[in-house]
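Data block below; observations after.
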Amino acid sequence: MVGMRALVIAAEEGGHGAVEAGTGGFWADTAGIMLVLPFVAFLLILAFGKRLKYKGGELAVGALAINLLWATVLFVLNMTGGVLDQTTFEIARIGSDLVFELGWVVDGLSIMMYFLVNFVGLLVFIYALGYMEGDVRVDWFFAAFSLFAGAMLVLVGAPNLIQMIIGWEGVGLASYFLIGFYWEDLDNVRAGNKAFMTNKVADVGLILGTILVGVAIGSFDFSELSIAAAEHAEALGAVAVAGGLLLFFGAMGKSAQFPLHIWLPDAMAGPTPVSALMHAATMVTAGIYLMARVFPLFQNLAQDTRGLMVVIGAITLFAIGLLALVADDIKKVLAYSTVSQLGYMMTAVAAGGYTAGLFHLFTHAFFKALLFLGAGAVIHAVHSNNMSDMGGLRKEMPTTYWTFVVGSLALAGIIPLAGFWSKDEILATLGHEGYTAVMWIAIAGAFVTAFYMARAVALTFHGTYKGEGHPHEAPRVMTAPLVGLAIPSIFVGILNIPGVDWPGIGNFTEWLGVRVVPMGDYHPEGIDWSLAAIGLVAAGAGLALGWLIFSRDRATQKARDRFEVPALYPLLRQKYFIDHAALGVVGATTGPIARFIDWTNTYIIDGIINLVGGVVKALGEFVYGTIDQRAVDGVFNGLSAVTDGAGSAVRRLQTGRVQQYAAGFVAGALILVVVFVLIV
Amino acid sequence: MTFSDWIAEPVNWVFAAIGLAVLFSGFRVVTSKNVVHAALYLVGALAGTAGLFLLMSAEFVAWVLVLVYIGAVIVLFLFGIMITRAPTGLDESLSSDQTAMPALLSAAVFVVMTWASIDAFGTELLATVGEATSTQVIGESLLGRFVIPFEVVSFVLLAALIGGITIARRDLTPVEEEERMSV
Amino acid sequence: MEWFETWGLTIIVFLPLVGALILGVIPKDNEDALKTTGLVATLLAFLASLVLIAQFDYSGGVYNTYQFEVEESWIGAINANYHVGVDGISLPLLVLSTFVVVLAVIYSWNHWDEPKNPKAFLILMLILATGMNGTFVALDLVLFFIFFEVVLLPMYFMIGIWGDKSPRKVPGFSKLFETRLYAAIKFFLFTLFGSAFMLLGFLALYFESGNFGERTFDIVELTRLGSGGAFTGTFAFLVFGAMFLGFAVKVPMWPFHTWLPDAHTAAPTVGSVLLAAILLKLGSYGFIRISLPILPQEAVNWAPAIAILAVIGIIYGSLACLAQTDMKRLIAFSSVGHMGFVMLGIATMTDVGINAAIIGMVAHGLITGLLFFLAGSMSHRYHTREMSRLGGNIKLMPVMGGILAFTAMASLGLPGLAGFWGEFMALVSAYNPLEGLSLGVFRTSMVLGAVGTVLTAGYMLWMLQRVNLGEPPNEWEGHTFHDVDRYEAAAWVPLIVLIVAIGFFPKVIFTSTTDTVTSLVDMAFDPEVTAALGSLMKGG
Amino acid sequence: MLLNQFLVLGAALFAFGVYGLLVRRNVVLILLSVELMLNAVNINLIAFESYLVSAQAVGQVFAIFVITVAAAEVGIGLAIVLMIFRNRKSANVDDLSLMRW
């Protein structure tokens, strides 16, 4: 059953012109297989995983490999001609107007995500074959991992908000399993709980937003939503503000926007491949994806309403980015970095840069997955997460080193790597839409980004080795995915150089443009070289400064001390007096700010959550202990005590207890007789 | 119908005599301080009732009452009294001291029922005085229309029989059991 | 299968009772024969209900028409009839009831709580089954009431005899009570208290119906009268209130819920399961089947109050869960919250809300039933339900731990599992309640209800953390635990499958309910339909 | 003869029975009181029969049923009394507080 109710309006701005609804043929009609296969793998692994050679890893990889075939074909079809299709089947119908459907939508946006999830997912899965070898419960790992990918694909393929919610929470569930993968340690379990609960809080926004929007429009379908937003913008005004903000709140949770980002660093408790997949292609991108899906709703919002979202994105991208400067755990550096990059995407989408935000999502997925996998390889080698236990690994682990450098440069936004193009487009969009201040914050964020990546590279791969044992390069099954991700990290940026149309395939903007409604977003016509230069200078300065400070061992030690506990090591400070001057500028400014942010993060935001948790718990104790057990129950116990007492009093009238009952019986019968015979 | 009309009929004299006797016996059943006397007063009340049945031309039921109740049930009662060694002489403790509440209740029962029947039937007369219902009719009715209740009741009786035996039967102590086996 | 049209429902209702009678003559020590008889009786009833599903006509139609209807004179003097029938609303619940009882029998195959005595226990269970099935098909208030009350006694004995024997301090009393006795009596008194009022309401309806023709207890007839506007004013207010008490205790709604945690905690495993899975639904079903259609105007007046109590129940139940140390008690309190969603759905008086309530009832029956099975099996093995003494369950018993995790997820309303639809649709309906109802009250309810889902997730995760995860406490070192055995598996797998199936394809429930509910709402609350019926009533 | 004269007599007997039921302490005597009440019912049944007159003498048949059931009841009742007496050495209801909560 192909539901094509609202797929008639095709993109006007897209370079392919109007794409007929229902194009895509066999591959689009059967795209649903991508949504199902990982679940099949999940069940099969649960059932037979233990008996297989790779504990089910081969099933997980196999499922995603088949998926990738579909995704690639669709990607190519979309590049060359445009694909637009939607297949749904009804799962419930209440009365005549409330319909729930599941299915899959195949358009530019979802194809991009299908490709991303399956491509990155497949590489991460292959990597995990090596990474998880010999670990506990490998079968369960791959099962949950497949569940993770499957839930994300359900989310991505969602033709309506309902399926979006299903995938959304499915991703949350899988992440709960994977973050708490080593559940023997309750700290990991708590991290999983924290992730799930933070997301659940945000989900209130998603669910209520869904209800508001769905009821107002009369359908949960995205295409209906787009049409309604385009045609009845005025009438939908209030709903768009309330519902849109609620949906945004939901997106804040999944995409770790300030102040709901707190779960994400803790989520590093899971195995590294989980972090890679979670931060690159699944989970955290879901919020951005949701924003993109309901983008038409925001298009007509007032500037100030969107301003709120832009500001939150801006805070996220800068303030959380600073935290990466002080983290010692390499995965936390990357985690804060992810949050910061998500801030870029959110800012861009909220400001109206639909393509810019999504393009950054696209490029970021490759290099962030690359960085995480690289970090995983290092962790695998040195058996520690802390950069203070690393150093000088570039000789032992050349492949990891070089790919990690590629990823870092791409993330820092160095021309011509992928990150440069997408970040530049975000800056251009912000400038064009009038958020100038935010644009400068974003440029400052670029500086910070470059700085902490330089630090991470320096601390991890340069200087001398400080850990124990003799680290070795990871096995080929782990390095191959690194290379596989490094290549797109270098090249995908050119897919969307403003003003450049590649012959026969157009560019990224057009592929996304093949959507159900005309897009009103901004995308630059050509490169604003002055802005690009500013961005490059900021990134370059960050890299240079970071490199300067952290590239040598003595400086490394000094830097860590300076960043973490400045007051405790006066002697050390005296000893490295030369470095002190160089560090002074940066240390005196960024250090305290970062520490302050870290402090607020730990004590205020986390504190509030803990406080709320404690209060809720205390409230629970109070409600249960005092109100329930004493008051409400007390009333009833009191009543029965009264009855009991009254009974003893009445009993004195009669010596025989049986006869007391008999007397009551007679009296009752009498009353009944009086009522029925004489009165009625 | 006035009282003089009523009293003019001889049959009502009979009724008055029997009725008073029944009432007196009934009263004594519940107040007598001697257990055996109470049982015997019940015999009196039942006998009087049988007489009333005859007045109402229900011969068969009247004889059933005499045979079953007076002949069997009362004997059972007397056995019960003997076995439970209830004091056969005067005994103040047979009744409870608090009689006010029960008296009030039973008076209320009487008042309500009387009121209800007078309210409903006033001075309606009985229809069939003088024509005895033939036993044949009752027999046909019992084995015709009411055959299933009849069977059920017989089953109940059987159950009561078995139940009574089971409950009242005393389990022998091991010593007694042994003695019995040896004999 | 012509005969099934007339005999089907009677078979479903009374087959368990026949089974109970047969059990009565099987010697006590022939356990296999006892269990087989019990299983066969319940299984046949379940199969009959499957035939019912197959032969049911799902095309909807006007509300107040029933299928497989039987009407025979029963107590002529008060015009009470043996009138049974099913429609789209009762069908899923009836099937749920026959289904869960089968699973309960299978589960009890080798799980007998002290003092064992399978014969008595099975007999009680079968009587319970008759009462539950009967309540869902009764179309006569007297019949309904009798079935409603038949359920009480077996459950009372189950709790009182097979229940938890530990002593319990009750505030206000100096002596200690045995938990099972306290709980059984509390359960009995609470429910009886409610049903006494309910009976009053029924009687009042009976007498009042005399003003419009012959006095009747017939639900169909009363519905026809009620939707035509026959019962109004103070009379309707009082009657609704009386029935409300009866049903609200059973649901249970805040603040009539305090019997529930005690009863659940004290009851034997199967007792808790049946209590949670079916008995609670009798109350909410009563609202839908009796209160709403017969007194529609009054229902609208009461709706905000019901909604408020429901939401208090949601928040309150969840908060109380956070303070529990006893696993079974936690699950019991969670029922208060979940049934709050059901009642919120009903209170909106919309088709969406009532559909939400029905699927919520079915889902809660499956999920919480399974949770109680699990809690029972675990306390069977650990000999404690104190969560502080548990931990690392998934390490000691991977399969059971896995099922527990799955069920907890289902219980917190994870989308894609059965529990989600009831909660989500209740919220949808609360956003858009029946026209004329206070938007303020209901939309606030919606927000608070959504907050309640977060709390629900909180305590479920907390429970998982304490029971399932982490290292097992030292206490259990060296113990070996038997993981899920085959009887447990046989009882649980069908539940799991259904939870997933309904989660992904809720149509299996809605196919049956949606048309009936829509026509119910149209009939009860659509002014045009009401007016038409009113004139019809006056004409007839 | 009036219908009511029998009904009133029956009511009076019934009331006596109720009184005895409530006031007697000895279980045997309580049973006697119950018999009295049943007897009152029989009077009513017969009276109504001769007032309404049915072809199949329904009232009388019912009276017979009552008598039969009463006999059964006495049998069981006395058996129970016997057993209680054997266990408790008393037939006094005040000593029987098993039904107390």
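No lab work stands behind these numbers, since they all come straight from the coordinates. Quantities reported herein were computed from a predicted structural model and do not represent experimental measurements. Here the Cβ positions follow ideal geometry from the backbone for every residue, glycine too, while neighbour counts run over all protein chains shown.
Charging the Cβ of each Asp and Glu at -1 and of each Lys and Arg at +1, and nothing else, the dipole of the protein assembly as shown about its Cα centre rounds to 4200 debye. Footprinting exposure proxy ranking of A:K395, A:K466, C:K119, fewest other C-beta atoms within 10 angstrom first, gives A:K395, A:K466, C:K119. Separation of the stretch C:452-521 from the stretch C:197-246 is 39 Å, based on Cα centroids.
What net charge do the residues around C:W74 carry, taking every other residue with its C-beta under 14 Å from that of C:W74, with Lys and Arg at +1 and Asp and Glu at -1? Could you put the intermediate results ahead of the total?
On the way: positive: none; negative: C:E71, C:E72, C:D140, C:D218.
Summing Lys/Arg as +1 and Asp/Glu as -1 gives -4.
Please state the shape class of chain B: rounded when a/c is under 1.5, otherwise prolate if a/b exceeds b/c and oblate if not, all from the C-alpha gyration tensor. Cα axes put chain B in the oblate bin. Ranked by how many other Cβ atoms sit within 10 Å of their own Cβ, fewest first, the residues C:M409, C:M125 fall in the order C:M409, C:M125.
For the peptide D:39-49, the mean number of other protein chain Cβ atoms found within 10 angstrom of a residue's Cβ is 6.
Taking the square root of 5 times each eigenvalue of the Cα gyration tensor, what semi-axes in Å does the equivalent ellipsoid of the stretch C:2-539 have, largest first? Mind dumping the intermediate values first?
Numbers: eigenvalues 267, 141, 90 Å².
One finds semi-axes of 37, 27, 21 Å for the stretch C:2-539.
Among C:H482, A:H279, C:H83, sorting on how many other beta-carbon atoms sit within 10 Å of each Cβ, with the fewest leading, yields C:H482, C:H83, A:H279.
If R₀ is 35 angstrom, what is the calculated FRET efficiency for the pair B:L157 and A:V635, using the beta carbon separation as r and rounding to 0.05?
Efficiency computed from Cβ-Cβ geometry: 0.10.
The string of couplings for the stretch C:278-291 from the Karplus curve (6.51, -1.76, 1.60, θ = phi - 60°) is 10, 4, 5, 6, 4, x, 5, 4, x, 4, 5, 7, 10, 4 Hz, one whole number per residue in order, with x for Gly and Pro. For C:D140, the residues whose amide H sits under 5 Å from its own are C:H83, C:I219, ignoring neighbours fewer than 5 places away on the same chain, with H placed 1.01 Å from N.
Can you give the helix-only mean residue ellipticity at 222 nm for the protein assembly as shown, where every DSSP H stretch with n ≥ 4 adds -39500 (n - 2.57) and the sum goes over all residues, rounded to the nearest 500 deg cm²/dmol?
Rounded to the nearest 500, it is -23000 deg cm²/dmol.
Once the Cα atoms are used to define both axes, helix C:351-382 deviates from the longest principal axis of chain C by about 20 degrees. Note on chain B: GNM, Cα springs under 10 Å; of B:V30, B:V66, B:V112, the largest mean-square fluctuation is that of B:V112. Each peptide in C:322-329, D:53-60, A:281-288 gets a packing score, the mean of other Cβ atoms within 10 Å over its residues, and the list from highest to lowest is A:281-288, C:322-329, D:53-60. The long axis of helix C:507-525 is offset from the longest Cα principal axis of chain C by roughly 40 degrees. Pairs exceeding a 31 Å alpha-carbon distance, out of C:K281/C:K328; A:K200/C:K507; C:K116/C:K507: C:K116/C:K507.
Taking amide H atoms as placed 1.01 Å from N in the peptide plane, the amide H of A:V106 lies under 5 Å from those of A:D85, A:Q86, A:T87, each 5 or more residues away in sequence or on another chain. Note on B:48-56: average number of Cβ atoms from other chains within 10 Å of each residue's Cβ is 5. A DSSP coil position with no more than 13 other Cβ atoms inside 10 Å describes the following GluC sites (Glu not before Pro) in the stretch C:200-235: C:E214.
Filter the GluC sites (Glu not before Pro) in the stretch A:84-172 to those in DSSP coil with at most 12 other Cβ atoms within 10 Å of their Cβ, and list the result. Answer by residue number: there is no such site. Residue by residue along C:389-402, Cβ atoms of other protein chains within 10 Å of the local Cβ number 1 on average. Converting phi to 3J(HN,Hα) with the Karplus coefficients 6.51, -1.76 and 1.60 and the offset θ = phi - 60°, the stretch C:23-38 yields 4, x, 9, 7, x, 4, 8, 8, 5, 4, 4, 4, 5, 4, 4, x Hz in sequence order, with x at every glycine or proline. In this structure the amide hydrogen of C:E178, modeled in the peptide plane, comes within under 5 Å of the amide hydrogens of C:R168, none closer than 5 places in sequence on its chain. If you run the Gaussian network model on chain D, springs between alpha carbon atoms under 10 Å, then out of D:N42, D:N26, D:N87 the most flexible one is D:N87. At R0 = 41 Å, how high is the FRET efficiency between A:A437 and A:A242 if r is their beta carbon distance? Nearest 0.05 is fine. The value I calculate is 0.95. Using alpha carbons only, how many degrees (0 to 90, rounded to 10) separate the axis of helix B:147-168 from the longest principal axis of chain B? So the helix axis and the longest Cα principal axis differ by about 40 degrees. Among B:F60, B:F79, B:F24, the residue with the largest mean-square fluctuation in a Gaussian network model of chain B, with springs joining Cα atoms closer than 10 Å, is B:F79.
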